[in-house]
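Presented below is the structure to which this report refers.
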Amino acid sequence: MTAENPPSAETILLAPNCSLDARSALLFFGSVCAVSFGIAGALAIAGMWPILPFAGLEMLLLAWALRASLRRREQLQIITISDEQLVIETRGRHELQRIVFPRHWAQVKLRRAESALHPSRLTIESHGRLYEVGSFLTEEERRGLAARLRRSIGRINESPRLSQQD
């Protein structure tokens with residue numbers, strides 16, 4: 001509980017599960033580059049020089065993917081539920097977005113995916129506004145969060161008492 005949260009507030013912290021840190025990513029990238037360019041170099045010496053540009057493109061793509069993965073580590077969502085309101089703060093590398101819903105009118109909706117390849121969407125909605133939470137969670141985690149939010153927020157016009165369960 002922080003100083004800005006009232007004592008009767010429930011806080012849910014959401015962060016992506018990123019087990020790869022910068023040092024591990026660098027070691028992984030270096031080892032894959034060494035193997036890839038080693039094989040490509042040996043084949044280039046044997047006369048198959050067109051392999052080198054493709055190996056370089058593969059390593060650029062791998063570097064981009066690792067960078068995107070490391071940036072995802074910095075994403076964070078904080079959901080604070082008080083007696084009166086529901087506050088969602090989304091923090092990224094260079095951004096902070098804060099949206100406030102009246103708790104009494106907020107609705108939790110778990111929308112099914114339009115196709116099997118897409119995940120479901122968990123949204124908080126009120127007065128014509130909606131905001132997606134937990135987009136980086138697994139399907140099971142998203143369903144669990146939806147159930148927890150429904151217990152904490154309740155249905156429209158029916159806000160249950162907050163319990164201190166973290």
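The values are calculated or read from the model by the stated rules, or taken from the named source; none is laboratory data. Quick caveat, the model's predicted, so the values are computed rather than measured. Positions of Cβ are generated from backbone atoms using ideal geometry, with glycine treated the same way; all protein chains shown enter the neighbour counts. Heads up: the accessible areas ignore ligands, DNA and RNA and are worked out on the full protein's heavy atoms, side chains in. Shrake-Rupley method; radii C 1.70, N 1.55, O 1.52, S 1.80 Å.
Being touching a residue at least 12 places away in the same chain (Cβ under 8 Å) and in contact with a Pro (Cβ under 9 Å, 6 or more places away or on another chain) is the filter; apply it to the range 98-132 and report the residue that is least open to solvent (accessible area, probe 1.4 Å). Ranking the qualifying residues of the range 98-132, first place goes to Ser126. Every condition in (1) touching a strand residue (DSSP E or B) at 6+ places or on another chain (Cβ under 6 Å); (2) over 30 Å from Ala147 (Cα atoms) is met by Ile81 except one, and the failing one is (2). For the range 103-120, residues that are closer than 21 Å to Leu13 by Cβ and either modelled with pLDDT of 90 or more or more than 14 Å from the chain's Cα centre (by Cα) (or both) total 4. Considering each residue of the range 133-145 in turn, at least one proves to be part of a strand (DSSP E or B), at pLDDT 85 or above and open to solvent by less than 100 Å² (accessible area, probe 1.4 Å). Here is the figure for the range 85-97: residues that are open to solvent by 60 Å² or more (accessible area, probe 1.4 Å) and over 15 Å from His127 (Cβ atoms) total 6. In the range 7-38, the qualifying residues are those that are in a loop (DSSP other than H, G, I, E, B) and either open to solvent by 90 Å² or more (accessible area, probe 1.4 Å) or charged (D, E, K, R) (or both), and the one that is farthest from Ser82 (Cα to Cα) is Asp21. Residues satisfying the criterion are present in the range 67-85 (criterion: farther than 22 Å from Leu13 by Cβ and modelled with pLDDT of 85 or more).
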